[in-house]
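Colleague: Got a structure for you, questions after.
The values are calculated or read from the model by the stated rules, or taken from the named source; none is laboratory data. Since the structure is predicted, the reported quantities are computational estimates derived from the model, not experimental observations. Using ideal geometry, Cβ is built from the backbone for each residue, glycine included, and neighbour counts are taken over all protein chains shown. SASA here: full protein model, heavy atoms, side chains in, ligands and nucleic acids out. Shrake-Rupley method; radii C 1.70, N 1.55, O 1.52, S 1.80 Å.
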Amino acid sequence: MTTALAAAALAVPAQAHHRSSDNPLPTVTPRAETPVLHDDEAGGNADADDPAIWRNAAAPGRSLVIATAKEGGLRVYDLDARPVQSIAAPPAAGEDDAPGRFNNVDLVQGLRLSSGRADLAVTSDRGHDRLRFYRIDRDRAGGPLTDVTDPAAPPVFSRDQAEINDQRTAYGLATWTDPASGKSFALVSRRERTSIALLELLPAAGGKVTYRKVRSLDLPSTFRLPDGTSWSPCGEPGELPQVEGMVVDPADGTLYAGQEDIGIWRLRADLTGTPKLIDTVREYGVPGVYDEETEECAPGADPGFGGTKVSADVEGLTLVTEADGDGYLLASSQGDDTFAAYDREVGDDNEYEGGFRVAPAHGALDGSEECDGAAALNAPLGAKYPNGLLVVQDGHDAPGDGDRPATNFKFVDLGTVLDALDD
């Protein structure tokens with residue numbers, strides 16, 4: 001079942017027209033960074049994108065960061081940001097077909113398999129329009145991750161290989177375990193479309209994992225502005241404003257979804273009810289014309305209907321949860337290299353609480369620019385990160401390597417982030 005939302009029902013109130021704050025945002029600095037990845041043939045077309053943090057309950061200091069590298073597959077790092085394991089993305093189905101491409105990753109704890117309960121890393125394979133599953137065993141010989149994907153797992157959105165090759169496929173990803181039923185799910189968005197699918201994760205024979213689609217929902221692609229006009233963000237012909245960054249609050253089953261050129265939605269993780277925009281990007285409502293020669297959009301005059309806290313694209317979303325129910329929803333504001341923090345409490349209408357930048361620590365350890373994915377864990381992680389950890393992607397690692405594209409992940413003491421937001 002697919003639910004489409006009418007744009008007429010989703011008018012957004014006019015926002016304040018201020019485009020910057022008189023007070024600069026506070027900065028935090030990373031403690032470590034992973035080795036650089038290069039998205040070229042020599043670098044294995046590896047492009048850092050999205051991280052997840054797995055906590056080793058028995059030995060928190062031996063926890064892991066699991067991250068996607070697109071066509072470069074998966075990377076696993078220890079808390080010193082050193083590589084532990086590298087897993088290649090699956091090869092193309094045929095000579096002229098799209099290769100595997102791991103876009104986003106999230107974790108499921110204690111999923112019941114035919115071989116017993118296990119913690120899993122779940123990733124969206126955009127190249128094959130499927131989910132892939134990796135069992136986490138910290139001390140397994142050969143590396144902590146083992147592929148447990150059912151070979152018969154179906155495409156998420158596509159009907160056949162021809163549609164898969166069009167690459168309107170599985171893109172953003174968030175996992176959720178419903179405490180009422182004990183069932184685990186993945187929320188998966190679709191590239192170049194506004195769709196989000198709810199997939200139930202299921203055990204298969206031989207300790208493998210598969211899934212079935214429960215329902216899907218289409219967010220709007222056209223919006224009614226406060227002046228009564230309709231607006232759609234500029235993009236390549238045929239493309240709709242996609243969602244990538246997503247996270248579910250386990251306390252109440254609330255899904256937050258970042259529609260890159262629009263803003264941040266709040267909706268039920270079971271995809272029922274009516275989604276609500278809790279904030280919009282600064283560029284919301286700005287008209288644009290796509291130039292086929294430059295393959296870019298030329299923006300028109302800003303009518304002033306956008307928000308004031310995030311700039312397109314709104315990207316990685318992650319939660320900082322606290323035992324008393326407080327905490328933050330963090331969002332990567334890719335357009336201005338900042339991060340925005342919103343109150344985690346729905347009862348407080350996810351009020352904006354502040355922001356920060358991840359700035360260079362020194363000449364050899366830079367900050368984060370054009371951040372895609374982010375992950376936070378507010379729990380002790382041994383002596384290295386006793387106050388928790390924030391991992392953010394860096395879209396332009398410095399000093400880089402000439403003209404080669406260079407990306408990696410920065411590790412930030414979460415305590416410094418919380419201090420910055422509390423000031």
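Colleague: Taking the residues in region 211-237 that are open to solvent by 50 Å² or more (accessible area, probe 1.4 Å) and small (G, A, S) as candidates, determine which candidate is nearest to P287 (Cα to Cα).
Modeller: Taking the candidates together, the pick is S232.
Colleague: I would also like to ask the following. Kindly check whether there is at least one residue in region 404-421 that is without any contact (Cβ under 8 Å) to a residue 60 or more places away in the chain and assigned to a loop (DSSP other than H, G, I, E, B).
Modeller: For region 404-421, residues without any contact (Cβ under 8 Å) to a residue 60 or more places away in the chain and assigned to a loop (DSSP other than H, G, I, E, B): absent.
Colleague: Looking at region 183-210, which of its residues are more than 21 Å from Y134 (Cβ to Cβ) and not polar (S, T, N, Q)?
Modeller: Listed by number, the residues that qualify are R190, R191, E192, R193, I196, L198.
Colleague: Now a separate question. So the check is Cβ under 7 Å with 6+ separation or different chains; which pairs have a first residue in region 81-101 that's open to solvent by 30 Å² or more (accessible area, probe 1.4 Å) and a second one that's polar (S, T, N, Q) and not in a strand (DSSP E or B)?
Modeller: Once the first residue is open to solvent by 30 Å² or more (accessible area, probe 1.4 Å) and sits in region 81-101, its partners that are polar (S, T, N, Q) and not in a strand (DSSP E or B) give A93/Q161; D97/Q161; D97/N165.
Colleague: Among the residues of region 367-399, count how many are over 21 Å from the mean Cα position of the chain (by Cα) and either within 24 Å of G327 (Cα to Cα) or in contact (Cβ under 8 Å) with a residue 60 or more places away in the chain (or both).
Modeller: Of the residues in that region, 8 qualify.
Colleague: Could you list, in sequence order, all residues of region 379-423 that are modelled with pLDDT of 95 or more, open to solvent by 60 Å² or more (accessible area, probe 1.4 Å) and of a type outside the set (D, E, K, R)?
Modeller: Hits for region 379-423 are P380, A383, P386, N387, H396.
Colleague: Among the residues of region 165-210, what is the count of those that are small (G, A, S), surrounded by 18 or more Cβ atoms within 10 Å (Cβ to Cβ) and under 17 Å from D119 (Cα atoms)?
Modeller: 4
Colleague: Next up: When you go through A361, A331 one by one, which is the residue that is aliphatic (A, V, I, L, M), under 23 Å from A48 (Cα atoms) and open to solvent by 20 Å² or more (accessible area, probe 1.4 Å)?
Modeller: Exactly one residue qualifies, and that residue is A361.
Colleague: Tell me whether region 210-217 contains one or more residues that are part of a loop (DSSP other than H, G, I, E, B) and either of a type in the set (V, I, T) or closer than 28 Å to T149 by Cβ (or both).
Modeller: No: zero hits.
Colleague: Out of region 136-155, which residues are farther than 17 Å from A121 by Cβ and either of a type in the set (S, T, Y) or surrounded by 14 or more Cβ atoms within 10 Å (Cβ to Cβ) (or both)?
Modeller: Result: P154, P155.
Colleague: Let me ask something additional. If you go through region 311-338, how many residues are assigned to a helix (DSSP H, G or I) and either under 17 Å from A420 (Cβ atoms) or among the aromatic types (F, W, Y) (or both)?
Modeller: Number of matching residues: 1.
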